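First comes the structure, then the notes that go with it.
The values are calculated or read from the model by the stated rules, or taken from the named source; none is laboratory data. Keep in mind that what you see is a predicted model, and the values were worked out from it rather than measured. With ideal geometry, Cβ positions are generated from the backbone for all residues, glycine too; neighbour counts draw on all protein chains shown. Areas reflect the complete protein model, heavy atoms only, side chains present, ligands, DNA and RNA absent. Shrake-Rupley method; radii C 1.70, N 1.55, O 1.52, S 1.80 Å.
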Amino acid sequence: MLKCLSALFLTAMVVANVVAQVADTSYLSSVRRELRTQWPKSRRVNIVFHGHSVPAGYWDNHEVHTLESYPNLFLKALKGHYPYAVVNVIVTAIGGESSPSGAKRFEAEVLPHQPDVVFIDYALNDRFQPLDKTREALEKMIQTAQARNIKVILVTPSPDQRIDIADPSNPLDPYAAQIRELARQYGTGLADPYIDFQKVVREGKLKEVMSSINHPNEKGHTMIVDRIMPYFF
């Protein structure tokens, strides 16, 4: 009984920490200040989305729906909130890639864009890689960015319909947990749409937010945006 209570307490603490990180709008206070600044005192703000096929915009049958996928849905929402901001959304994601490959090209393909914020979204594909290898790759990208004073926001996975993500023993769960742990360890931002997609699965509505077996549709991408936007208000 005591062990069960301890486990419940720890679970509650983890959930509380995740919610606290998402609600901590101070993390991007300097970026928000730039977004509010008007010309001629303003400057360009660069936001990079690094990851696999989901941020790259892939939907069904390898079609790339750039404007209906979350990096550009985010840009539209951001511009609605900051009409005077000059914002570049840059997508360096590659379909089919996992974090070890993404880490290898981070310095050459992400840093030259001089990002203010980098989103890292690899967990959906990382489940095919050993946890220790993905952790090493994610840590390398986080440390590289933080050494240059670049803000990092880690993104938990969107679904694959071949996996029951409502089942705690599913193969994506350890990778989502690792992302949350790294966000706490390194003090990064955390966008956690995985918990929202789990709720959708429990409600039996997963097909409503998916364009293919493993890519969200616009409704699913909007769920990811909803987890990103609190950092920018």
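Table for the structure above
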{"read-out": "Of all residues making up segment 101-129, the number that are assigned to a loop (DSSP other than H, G, I, E, B), open to solvent by 30 Å² or more (accessible area, probe 1.4 Å) and either of a type in the set (Phe, Trp, Tyr) or closer than 29 Å to GLN161 by Cβ (or both)", "value": "3"}
{"read-out": "Pair list, Cβ < 7 Å and 6+ apart or interchain, from segment 171-195 residues that are farther than 19 Å from ASN125 by Cβ to residues that are in a helix (DSSP H, G or I) and aromatic (Phe, Trp, Tyr)", "value": "GLY189/TYR27; GLY189/TYR231"}
{"read-out": "Matching residues, segment 191-205, being over 19 Å from the mean Cα position of the chain (by Cα) and of a type in the set (A, V, I, L, M)", "value": "VAL201"}
{"read-out": "Scan of segment 110-125 for residues that are farther than 20 Å from ASN214 by Cα and either of a type in the set (S, T, N, Q) or free of Cβ contacts under 8 Å to residues at least 24 places away in the same chain (or both), ordered by number", "value": "PRO112, GLN114"}
{"read-out": "Matching residues, segment 44-62, being assigned to a loop (DSSP other than H, G, I, E, B) and loosely packed, with under 12 Cβ neighbours inside 10 Å", "value": "ARG44"}
{"read-out": "Within segment 130-157, tally of residues that are part of a loop (DSSP other than H, G, I, E, B) and under 13 Å from ILE179 (Cα atoms)", "value": "2"}
{"read-out": "Which numbered condition GLY51 fails, given (1) under 21 Å from GLN114 (Cα atoms); (2) at pLDDT below 95", "value": "(2)"}
{"read-out": "Residue within segment 134-153 that is open to solvent by 10 Å² or more (accessible area, probe 1.4 Å), under 19 Å from LEU73 (Cα atoms) and in contact (Cβ under 8 Å) with a residue 12 or more places away in the chain present", "value": "no"}
{"read-out": "Restricting segment 203-233 to residues that are closer than 15 Å to ASP160 by Cβ and hydroxyl-bearing (Ser, Thr, Tyr), the residue that is surrounded by the fewest Cβ atoms within 10 Å (Cβ to Cβ)", "value": "SER212"}
{"read-out": "Of residues in segment 63-74 being surrounded by 17 or more Cβ atoms within 10 Å (Cβ to Cβ) and of a type in the set (A, V, I, L, M, F, W, C), the one farthest from ILE213 (Cα to Cα)", "value": "PHE74"}
{"read-out": "First in segment 44-55 and over 19 Å from SER158 (Cβ atoms), second anywhere and at pLDDT 95 or above and surrounded by 24 or more Cβ atoms within 10 Å (Cβ to Cβ), Cβ under 7 Å, 6 or more apart", "value": "none"}
{"read-out": "Residue in segment 31-42 that is in a helix (DSSP H, G or I), at pLDDT 95 or above, among the acidic types (Asp, Glu) and within 28 Å of ASP126 (Cβ to Cβ) present", "value": "no"}
{"read-out": "Residues of segment 75-100 classified as open to solvent by less than 40 Å² (accessible area, probe 1.4 Å), within 14 Å of VAL31 (Cβ to Cβ) and of a type in the set (Val, Ile, Thr), total", "value": "2"}
{"read-out": "Meets criteria (surrounded by 15 or more Cβ atoms within 10 Å (Cβ to Cβ), assigned to a helix (DSSP H, G or I) and either under 21 Å from the mean Cα position of the chain (by Cα) or modelled with pLDDT of 95 or more (or both)) for VAL22", "value": "yes"}
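Each row is one residue, and each column tells you yes or no for (1) of a type outside the set (A, V, I, L, M, F, W, C); (2) modelled with pLDDT under 95; (3) open to solvent by less than 20 Å² (accessible area, probe 1.4 Å).
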site: PRO157; (1), (2), (3): yes, no, yes
site: ASN170; (1), (2), (3): yes, no, yes
site: GLY187; (1), (2), (3): yes, no, no
site: VAL201; (1), (2), (3): no, no, no
